[in-house]
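Scroll down for the structure; my scribbles are underneath it.
The numbers here are math on the coordinates, done by the rules we state, and not lab data. Remember, predicted model here, so these are calculated numbers, not experimental data. Neighbour counts run over all protein chains shown; Cβ positions are idealised from the backbone, glycine included.
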Amino acid sequence: MKRMASVIKVKPEKLELYKIMHQNCWPQVKQTLSECGYSRYSVFLKDDMLFSYFEYTGDDYWADMKKMGEDPVTQLWWSICRPCCEPLPTRGEGEWGALMEEVFHLD
């Protein structure tokens with residue numbers, strides 16, 4: 001298991017839509033996340049920043065992200081949710097939310 005986090009900006013005019021979508025997350029999207037190694041997934045909001053935390057249980061993160069991106073229901077979900085966000089210019093290649101480096105952990 002690997003702890004992972006990312007950050008992205010949310011557009012103020014799209015915040016309510018983003019919240020509604022995530023308060024009513026589609027079952028197929030949840031299933032795909034689980035099938036792609038996501039567990040203990042949370043999204044937090046502060047001002048215009050969304051911080052997400054999840055535990056990845058797969059063996060190949062980028063292969064699982066490719067699989068997730070090929071799911072038609074997830075593609076539809078993203079077509080609604082992605083316009084709500086503005087990726088950081090410092091994100092890595094292939095990232096939507098900028099992945100973060102873990103610098104401390106306490107069990």
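Here the dipole of region 2-99 is about 240 debye; that uses its Cα centre as origin and unit charges on the Cβ of Lys and Arg (positive) and Asp and Glu (negative).
Cα centroids of region 4-37 and region 43-91: 7 Å apart. Would you work out the charge dipole size for region 44-107 about its Cα centre, treating the Cβ of every Lys and Arg as +1 and the Cβ of every Asp and Glu as -1, and quote it to the nearest 20 debye? With only Lys, Arg, Asp and Glu charged at Cβ, the dipole is about 300 debye. Loop-located trypsin sites (Lys or Arg not before Pro) across region 4-90 with a Cβ neighbour count of 13 or fewer within 10 Å are lacking, with loop assigned by DSSP. Think of the chain as having a plus end and a minus end, set by charges on the Cβ of Lys, Arg, Asp and Glu; of Cys84, Met100, Val29, Cys84 sits farthest toward the positive end of this dipole. Just round it to a whole percent: the fraction of Cα-Cα distances in region 2-99 exceeding 24 Å. Everything past 24 Å amounts to 15 percent. The count of lysine pairs in the chain with alpha-carbon distances below 17 Å, taking only pairs 8 or more places apart or on different chains, stands at 9. With the chain treated as a Gaussian network of Cα nodes joined by springs under 10 Å, which of Gln75, Gln23, Gln31 yields the largest mean-square fluctuation? Comparing Gln75, Gln23, Gln31 in a Gaussian network model of the chain, the most mobile one is Gln23.
Applying a DSSP loop filter and a limit of 12 other Cβ atoms within 10 Å to the GluC sites (Glu not before Pro) in region 66-107 leaves Glu93, Glu101, Glu102.
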